[in-house]
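Below is one structure; the comments refer to it alone.
Any read-out appearing in this document is the output of simple, stated calculations on the displayed coordinates, not a laboratory observation. Everything numeric here is computed off the predicted structure, so don't read it as measured data. Every residue, glycine as well, gets a Cβ built from its backbone with ideal geometry; the counts of neighbours run over all protein chains shown.
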Amino acid sequence: MPNILPVPILQDNYVWLAYQAGRAIVVDPGEAGPVQARLNELGLQLEAILITHHHHDHIGGLAELKAHYDCPVYGPAGIAGVNQPLADGETLVLAGLGSRFSVLAVPGHTLDHLAYYGEGLLFCGDTLFACGCGRLFEGSPAQMQASLARLAALPDDTLMCCTHEYTLANQRFALAAEPDNAELRQRAEADSARRVRGEPTLPSSIGLEKASNPFLRWHSPSLMAVARQHGAVDDSPVQVFAALRRWKDQFRG
């Protein structure tokens, strides 16, 4: 498995570096300067840039990085600066890093959203967050629930590398939705302590998300009951997810 490092940018974004043997990839460079600084500090050669979706806070530094580094940019077709478009089911081979990643289409937050899974790592952009998930700006609840189910099916020890430090806010909602979840309460305490120390709460893992993230727990009887209180018409995964997502959009806890 490559080394991974979250580089803080903007207000609460992370750009992920994955590196070994002097080579690195960068995922979702919303800003160039901090990324260049870490590459220089670690003496890394940039092998490739990976893009998950078209929002500016994920591509804002792309042009500047491309001006400094001669490397391919992989991502959804139609994004300015992506010169190696990818689609669902393809395999991305990064020879310099000795790594292979499966390309997963995960629409919901946006329709073009991709995730990258391999080497025990998942780069999932704004689809899955620690104790949360992305807003539905373009896709439907059914699309997003299917995308999250696809990610939840990955091995439990997969390290989940999302791109926002939203964890504590997400946990406030998660605790309101499922207050009796002991693992969630324990996790929230540990993550609060990490933030007090100035540490990131990421990466998470798929197993931890399945145990404590309400947006992957649509089979929980307590969450089914809560979802019915917030508009779900039945206990199907899509209805439970959609009701929780609507509630989260309005939540001010």
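Just a yes or no: is a residue in the range 235-245 free of Cβ contacts under 8 Å to residues at least 40 places away in the same chain, among the charged types (D, E, K, R) and out of contact with any helix residue (DSSP H, G or I) (no Cβ under 7 Å at 6 or more places or on another chain)? No.
Restricting to the range 120-173, what's the tally of residues that are out of contact with any helix residue (DSSP H, G or I) (no Cβ under 9 Å at 6 or more places or on another chain) and under 26 Å from Q186 (Cβ atoms)? Total meeting the criteria: 6. Once the range 18-34 is narrowed to residues that are of a type in the set (A, V, I, L, M, F, W, C) and within 22 Å of the chain's Cα centre (by Cα), the residue that is surrounded by the most Cβ atoms within 10 Å (Cβ to Cβ) is V26. There is at least one residue in the range 225-236 that is exposed (fewer than 15 other Cβ atoms within 10 Å of the Cβ) and assigned to a helix (DSSP H, G or I).
Quick one: T52 ticks every box in (1) among the polar types (S, T, N, Q); (2) surrounded by 12 or more Cβ atoms within 10 Å (Cβ to Cβ); (3) over 16 Å from V106 (Cα atoms) bar one, so which box is it? Condition (3) is where T52 drops out. Listed conditions (1) without any contact (Cβ under 8 Å) to a residue 24 or more places away in the chain; (2) surrounded by 19 or more Cβ atoms within 10 Å (Cβ to Cβ) are all met by A37, apart from (2).
Of the listed requirements (1) under 21 Å from R23 (Cβ atoms); (2) touching a helix residue (DSSP H, G or I) at 6+ places or on another chain (Cβ under 7 Å), G96 misses just one: (2).
A quick yes/no check of all residues on (1) surrounded by 22 or more Cβ atoms within 10 Å (Cβ to Cβ); (2) in contact with a Pro (Cβ under 8 Å, 6 or more places away or on another chain); (3) not in a loop (DSSP other than H, G, I, E, B):
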{"position": "R172", "(1), (2), (3)": "no, no, yes"}
{"position": "D180", "(1), (2), (3)": "no, no, no"}
{"position": "R187", "(1), (2), (3)": "yes, no, yes"}
{"position": "R194", "(1), (2), (3)": "no, yes, yes"}
{"position": "P200", "(1), (2), (3)": "no, yes, no"}
{"position": "L208", "(1), (2), (3)": "no, no, yes"}
{"position": "F215", "(1), (2), (3)": "yes, no, yes"}
{"position": "V238", "(1), (2), (3)": "no, yes, yes"}
{"position": "A243", "(1), (2), (3)": "yes, no, yes"}
